Amino acid sequence: MKKKIWITIGVVSLIILMIGVSVYRQVFAKGPSVKTAQMTQEEISSLLMIPGTVKLQEEQVVYTSPEKGELKDLLVKEGQSVKKGTVLATLQNPQLDLEREQNKLAIESANLKITQLDKKIKQLKEKETTLAEQVGKEEAKKQLAPEREQLEMEKKLANIDLKQASLQKDLLSKRQSELEIRSTIDGVVLTVKKQGTSTAEASNLEPLIHIGKLEGLTAAGLLSEYDSIKVSSGQKVTLRSDAVPEQEWQGEVTTISVLPQQNQAGLQNGSQAVQYPVTVDISGDTKALKPGFQVIMEIETDKKMAMVLPVASLHDDGDQPYVYVVKDGKARKQKVKTGITSGDKIEILEGVSKDDKVIINGPEQLKDGLEVKVK
């Protein structure tokens with residue numbers, strides 16, 4: 001019985017060995033199976049990659065200052081929707097109240113003085129009429145001339161004082177209106193500084209109130225002087241964020257600043273390093289993005305029709321890039337000249353014809369002259 005078992009085991013082992021030898025011959029004696037592709041003409045774009053930061057399209061950041069006044073009341077809360085013109089907070093300024101009261105008294109005083117002078121001028125005219133009956137009109141006018149001139153001068157000065165007080169009233173009214181902080185946009189209150197912090201502390205540490213319009217987001221980045229030449233309004237942009245790795249967003253370049261943002265560190269070192277701010281409008285569903293997120297922006301710059309191959313077909317050992325083409329059942333190494341890369345495609349300028357079958361994703365043991373089998 002045991003002899004039969006051993007014979008059975010031997011037969012099975014022999015069959016497995018024969019199958020293994022057959023597979024080996026098929027794979028290695030006849031060469032590995034490979035997948036090929038041929039060059040195609042497609043529209044491709046050169047991609048410029050720069051870091052950026054997600055921002056709100058419209059926002060209002062309120063920083064109060066001590067010279068305007070101290071915080072009196074906060075009238076909104078986080079998450080609240082507000083319309084343009086809504087009063088967000090009120091300030092108080094005792095010094096301004098005192099100045100307004102002094103201004104009110106100055107206007108009343110000037111008006112009283114003008115009224116008194118008008119009364120005196122009227123009395124002087126009556127006196128001149130009575131005197132004219134006694135000494136004649138010209139003589140009466142001559143005798144009262146100094147008094148008349150004095151009253152007219154005092155009235156001019158009183159009118160100047162009134163005008164100055166009125167101008168001061170306008171300025172004080174403007175300062176009074178600034179004690180009401182109003183929304184300049186339709187939006188949502190994102191943050192509100194807790195009441196109890198002084199205005200001076202709030203202005204130095206963080207915004208008192210931050211309002212934003214959440215319907216649209218933008219991304220802002222910086223271009224070098226060389227890259228700024230390649231980028232223009234309307235170019236398409238793909239955005240990705242490490243915070244949301246499974247998603248990407250489409251956008252469009254909207255503005256490139258004419259003036260550079262100076263790099264202070266570069267200026268201190270003596271180099272004139274400059275960078276140009278660029279803004280991108282993000283389209284589509286942006287719920288997963290939040291202001292402040294860091295993103296990588298891929299900007300399409302040089303768009304054109306070109307002969308391309310999959311990037312996976314290209315090899316580069318530090319000398320000149322090359323591909324493997326299938327000729328007479330063998331892999332042949334072929335050096336190529338490449339152009340721009342666009343996604344998973346790369347432009348081929350020289351080295352391969354459109355009829356060549358180029359190996360993509362070949363096995364690790366792929367080398368020049370190796371027999372291969374096209375799938």
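In terms of Cα atoms, the Rg and Dmax of the range 91-199 work out to 25.3, 85 Å.
Only protein heavy atoms count here; on that basis, with a 1.4 Å probe, Y276 has an accessible area of about 50 Å².
Compactness ratio for the chain: Cα radius of gyration over 2.2 N^0.38 Å (N = residue count) comes to 2.05. Split the accessible area of the range 115-242 by element, probe 1.4 Å, and carbon with sulfur accounts for 51%. For the chain, relative contact order (Cα pairs under 8 Å, six or more residues apart, normalised by length) works out to 27 percent. Among the listed pairs K84/K230; K122/K163; K303/K335; K72/K163; K104/K156; K104/K125, those whose Cα-Cα separation exceeds 27 Å are K84/K230; K72/K163; K104/K125. At a probe radius of 1.4 angstrom, the accessible area of the chain per residue rounds to 65 square angstrom. In plain terms, the C-alpha convex hull of the range 290-375 casts an average shadow of 8.5 nm² when viewed from every direction. As a size descriptor, the averaged projected area of the C-alpha convex hull of the range 281-331 was calculated at 7.9 nm².
For T191, the solvent-accessible surface with a 1.4 Å probe is about 60 Å², rounded to the nearest 10.
Here's the list of lysines a cross-link from K77 could span, going by alpha-carbon distance under 27 Å and ignoring same-chain residues fewer than 8 apart: K55, K68, K174, K193, K194, K213, K287, K290. An ellipsoid equivalent to the range 77-145, defined through the eigenvalues of its Cα gyration tensor, has semi-axes of 59, 13, 7 Å when rounded to whole angstrom and sorted largest first. Note on D97 and E248: the model spin-label points, each 7 Å out from Cα along the C-beta direction, lie 6.2 nm apart. Run the helix sum for the chain: -39,500 (n - 2.57) per DSSP H stretch of 4+ residues, divided by residue count, reported at 222 nm to the nearest 500 deg cm²/dmol. -11500 deg cm²/dmol, from helical runs alone. Computed over protein heavy atoms with a 1.4 Å probe, the carbon and sulfur contribution to the accessible area of the range 253-363 reaches 46%.
The values are calculated or read from the model by the stated rules, or taken from the named source; none is laboratory data. In this text the structure is predicted, and so the values were computed from the model without any measurement. Cβ sites come from the backbone with ideal geometry, for glycine too, and all protein chains shown count toward neighbours. Side chains included, ligands, DNA and RNA excluded: accessible areas come from the protein's heavy atoms. Shrake-Rupley method; radii C 1.70, N 1.55, O 1.52, S 1.80 Å.
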